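Each remark here refers to the structure printed beneath this line.
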Amino acid sequence: MLALYFILLVCVPLAIIMTFTAPRLAITVAVNQPAFLVIRNSNKTLTHHRVITPHQPLDDDELLLRQASKVSPKPPPKLPKKLAFMFLTTTSLPLAPLWELFFNQTSHHKSLYNVYVHADPAQKHKPDFFGNRIIPSSKPAYRHTPTLISAARRLLAHALLDDPSNHMFILLSPSCIPLHSFNFTYKTLASSTKSFIEILNNEPGWHDRWAARGPHAMLPEVPPEEFRIGSQFWTLTRSHARMVVSDVEIWSKFNKPCVRKDTCYPEEHYFPTLLHMRDPQGCVSATLTHVDWSVSDHGHPRTYRPSEVGAKLIQKLRSARLRYGDGGGGTRKDSFLFARKFSPAGINPLMNIARNIILN
């Protein structure tokens, strides 16, 4: 009888302790399990691991950007350099047939490029050449908000993680078209050691844009004299792509809601300001995507109608001179490689001149 009391005295408290402590241990183990981030494209699946502890709460974007910030800033020397074409869109790409023709001119080109699409996940997308290249972390992006910057950063991060051979990173809109053959485009960009990004100083209304988040919101990280404006569409080197995904300080100032939407275009400010402050000598301060701002419709540039599409227009866009910002262009004579905005209804006339004019 004495032995029975002894057993109850020892075992019951031990069981109670185990009952209360076991779930806590299980939670700790679960939280400390490696997090898996899967990057998929049409050819392969890459799984990246990162341990998240209770003291390191990360959302999907933070995890993605941290991983991408650790890649090599240079592509492997023995592999061919690749171009990463990144489309930022909400719906399926209306000019997809022209781009497919551009990418598939010869089978040899397929080893020289990758395609990434950031599209609104709430929209339906065709399972075509481009639909299969939508990055899995796509989120809705809205004008007058930092979400357009976030979308471009996600594209850069996916492209950096997906292929170490990606050398130049080209951001394009669904209304963009190529102005030259793939071969001409590749030779121009693969040989470049600099990014092409419009970096403009003292543009009309620049101070209102700087103060769009509040009169002192950008200080002290981005003083007014360092603020720059430029096209949303650019071409970045691998080292600059890595710089963008690694940035926390400047991004923290642009990742704020605006108090004035009429002057809020953060996607036109963040990238030129960041690269101007971090590495201006590594940039050609001009965009390679032609756009006509002589006609403006509620903050949008001219849209070319189907009746305007023809050989004369393509030649005009090719021969236009780039506008160089900070530092000027010097003796440079770069060619526009892309152009916008083209109406979705213009796909038929564009295809009619694609082989003999645009891609010739």
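Considering segment 261-309 alone, what residues qualify as being of a type in the set (Gly, Ala, Ser) and either open to solvent by 20 Å² or more (accessible area, probe 1.4 Å) or more than 12 Å from residue 198 (Cβ to Cβ) (or both)?
Residues satisfying the conditions are 282, 294, 296, 299, 307.
Scan segment 238-255 for residues that are hydroxyl-bearing (Ser, Thr, Tyr) and more than 24 Å from residue 167 (Cα to Cα) and jot them down.
Listed by number, the list holds a single entry, 252.
Filtering segment 316-354 down to residues that are closer than 26 Å to residue 230 by Cβ and polar (S, T, N, Q), which residue is most open to solvent (accessible area, probe 1.4 Å)?
Among those residues, the one meeting the criterion is 331.
Across segment 93-120, what is the total count of residues that are in a loop (DSSP other than H, G, I, E, B) and either in contact with a Gly (Cβ under 7 Å, 6 or more places away or on another chain) or within 17 Å of residue 164 (Cα to Cα) (or both)?
Looking only at that region, the number is 1.
Could you tell me whether segment 176-184 includes any residue that is free of Cβ contacts under 8 Å to residues at least 24 places away in the same chain and in contact with a His (Cβ under 8 Å, 6 or more places away or on another chain)?
No, segment 176-184 contains no residue that is free of Cβ contacts under 8 Å to residues at least 24 places away in the same chain and in contact with a His (Cβ under 8 Å, 6 or more places away or on another chain).
Please go through segment 255-265 and give me each residue that is in a helix (DSSP H, G or I) and either under 22 Å from residue 324 (Cα atoms) or touching a residue at least 40 places away in the same chain (Cβ under 8 Å) (or both), ordered by number.
Selection gives 261, 263.
Between a residue in segment 328-342 that is on the phi > 0 side of the Ramachandran plot and modelled with pLDDT under 95 and any residue that is in a loop (DSSP other than H, G, I, E, B) and not aromatic (Phe, Trp, Tyr), which pairs come within a Cβ distance under 9 Å, given they are 6 or more apart or on different chains?
The qualifying pairs are 328/285.
Could you list, in sequence order, the residues of segment 109-147 that are among the aromatic types (Phe, Trp, Tyr) and either without any contact (Cβ under 8 Å) to a residue 40 or more places away in the chain or exposed (fewer than 15 other Cβ atoms within 10 Å of the Cβ) (or both)?
129, 142
Please verify whether residue 150 is in contact with a Leu (Cβ under 9 Å, 6 or more places away or on another chain) and either modelled with pLDDT of 95 or more or open to solvent by 20 Å² or more (accessible area, probe 1.4 Å) (or both), treating the condition exactly as stated.
Here the answer is no, as residue 150 does not meet what is asked.
The values are calculated or read from the model by the stated rules, or taken from the named source; none is laboratory data. All figures in this text were calculated on a predicted structure; none of them were measured in a lab. Cβ atoms come from the backbone with ideal geometry, glycine included; neighbour counts cover every protein chain shown. Ligands, DNA and RNA are excluded from the accessible area calculation, which covers all protein heavy atoms including side chains. Shrake-Rupley method; radii C 1.70, N 1.55, O 1.52, S 1.80 Å.
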